Amino acid sequence: MLRAFASAIQIALDTILPRKERVVRIDHYTLEDIPVSPVEHEVLGVQITTLLDYRTHVAQDLIRALKYDRSGHAAKLLAGALAEYLREEIANLKAFSTKPVILIPVPLHVTRKRERGFNQVEKVLQNLPPEFKDCTASRIDSQSLVRTRATPQQTRLSRSERLKNVAGAFELLKPLENAQIILIDDVTTTGATLSHAAKPLKGVNMSLLALAHA
């Protein structure tokens, strides 16, 4: 009854203010529709694991709806896909170390976050199941690593420009030596953002992860 009512309300709203096609499409996506296929890439001397191929229409829809349309449904689906990967990854980490696992989203500069209103990776992490947030499996830290310099968007730059763009743009506010870090970004292309975001964490047991590879 409630679902039918909500559906009727959404149809009425779509008639008055039509939603973007991708937002309508992802309403019908389920976790089973997400083509998760973890792949390791060696870029700039570091290993980056990616979960989705950005060239697939499902990955593009989800990432773009999350980033540009503030889609809560996209955040939940991406969190579901991420959780499936993290369960096995964190179990492997804990098999060899008792150090706590910390999930760190690649930070936005304060001005960019203010403009957008949110950090898209943080939004995905906030939608993870409780065990990834309450220290059972891991916890989330969105405060320790900061972006100290506002930089142009990477999508508009060449590969060499991307590398220079984010060099020295990140800083660690407090030490995190006694931990296992999983540093997470939304999309990686050249690996520039993740590799430079990882530099302040040098010496820490760390994994680099992106939701998608373009």
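The values are calculated or read from the model by the stated rules, or taken from the named source; none is laboratory data. Everything quoted here is computed from the prediction, not taken from an experiment. Virtual Cβ from ideal backbone geometry, glycine too; neighbours counted across all protein chains shown.
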Quiz item: Can you spot a residue in segment 177-189 that is among the aliphatic types (A, V, I, L, M) and free of Cβ contacts under 8 Å to residues at least 24 places away in the same chain?
Solution: no
Quiz item: What about L31, is it within 13 Å of the chain's Cα centre (by Cα), surrounded by 13 or more Cβ atoms within 10 Å (Cβ to Cβ) and touching a residue at least 12 places away in the same chain (Cβ under 8 Å)?
Solution: no
Practice problem: Take segment 119-130 and flag every residue that is outside any helix (DSSP H, G or I) and either of a type in the set (D, E) or touching a Leu at 6+ places or on another chain (Cβ under 9 Å) (or both). | Solution: N119, N127, L128
Exercise. Give me the pairs, please: first residue somewhere in segment 190-204 and without any contact (Cβ under 8 Å) to a residue 60 or more places away in the chain, second residue anywhere and in a helix (DSSP H, G or I) and not acidic (D, E), beta-carbon distance under 6 Å, and either six or more positions apart or on two chains.
Key: H196/V166
Practice problem: Would you check if N127 is closer than 23 Å to A192 by Cα and surrounded by 16 or more Cβ atoms within 10 Å (Cβ to Cβ)? | Solution: no
Self-check item: Of the criteria (1) at negative phi; (2) modelled with pLDDT of 95 or more, which one C135 fails
Solution: (1)
Quiz item: What's the number of the condition K94 fails, among (1) closer than 25 Å to A59 by Cβ; (2) in contact with a strand residue (DSSP E or B) (Cβ under 8 Å, 6 or more places away or on another chain)?
Solution: (1)
Quiz prompt | segment 34-52: number of residues that are surrounded by fewer than 13 Cβ atoms within 10 Å (Cβ to Cβ) and of a type in the set (A, V, I, L, M, F, W, C) | solution = 1
Exercise. State whether one or more residues within segment 114-122 are among the acidic types (D, E), exposed (fewer than 14 other Cβ atoms within 10 Å of the Cβ) and closer than 18 Å to N165 by Cβ.
Key: yes
